[in-house]
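Student: My structure is below; once you've seen it, I'll send some questions.
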Amino acid sequence: MEGFEVTKGATNDISVLYLKGYLDAHTAPELENALQKLMDEQNYKIVVNFSELNYISSAGLGVFMGFIEDIRKNGGDIKLSSMKPKIFRVFDLLGFPTLYDILDDEEKAVDKFTKS
């Protein structure tokens, strides 16, 4: 089983989380911790880059649902970017494109914040 890694970067006042590997019930707490830390630091503009994510389970999807309401209440949002087709299909099947901006690349996701 492949591991999971989440690293943080930033562009101006926008935080970027880079996901790598397998996001499932065992690794979802790592993503929860990363998102909670951003909220604790009052960073509510978040882009999540999926370019190196190879698998996501329902537990991983649930992490995003668990945070989005509080982030939006604070004037922020989570934009999703750079998904491989098989990862996008999971999000698409569950209707995420109606709830989240899902963009082709990180730069477009960051631009969505600067243009809104």
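Bear in mind these aren't lab numbers, they're just calculated from the coordinates by the rules spelled out. Every value quoted in this text rests on a predicted model; they were computed, and no experiment measured them. Backbone-built Cβ (ideal geometry, glycine too); neighbour counts: all protein chains shown.
Student: Working from Cα positions, state the angle (0 to 90°, nearest 10) between the long axis of helix 28-40 and the longest principal axis of the chain.
Tutor: 10
Student: Additional query: Could you point to the residue in VAL63, THR98, ASN12 farthest towards the positive end of segment 4-114's charge dipole, with +1 and -1 charges on the Cβ of Lys/Arg and Asp/Glu respectively?
Tutor: THR98
Student: Taking Cα pairs under 8 Å and at least six residues apart, what relative contact order does the chain come out at, in percent?
Tutor: Details: 188 pairs, mean separation 28.2, N = 116.
RCO, the chain: 24 percent.
Student: How much net charge surrounds GLU41 when only the other residues with a Cβ under 12 Å from the Cβ of GLU41 are counted, with Lys and Arg +1 and Asp and Glu -1?
Tutor: Numbers: positive: LYS8, LYS37, LYS45; negative: ASP13, ASP40.
Result for the neighbourhood of GLU41: +1.
Student: What range in the chain is the longest one free of GluC sites (Glu not before Pro) that are in a loop by DSSP and have at most 15 other Cβ atoms within 10 angstrom? Kindly include the intermediate steps, with their values, before the conclusion.
Tutor: Values: sites that count: GLU2, GLU41.
My reading of the result: 42-116 is the longest stretch.
Student: Could you tell me the convex hull volume per residue, in Å³, taken over the Cα atoms of segment 3-75? Could the numbers behind the result be given before it?
Tutor: On the way: hull volume 5.3 nm³, N = 73.
Per residue, the Cα convex hull of segment 3-75 comes to 73 Å³.
Student: If you don't mind, another one. Report, for the chain, the % of DSSP beta bridges that are antiparallel, rounded to 5. Working shown, then result.
Tutor: Details: 8 of 24 bridges.
So the antiparallel bridges amount to about 35 percent of the total.
Student: Please give the charge dipole size of the chain, origin at the Cα centre, charges +1 on K and R Cβ atoms and -1 on D and E Cβ atoms. Round to the nearest 20 debye. Walk me through the intermediate numbers first.
Tutor: Working: 13 positive and 19 negative charges, 47 e Å.
Computed about the Cα centre, the dipole is about 220 debye.
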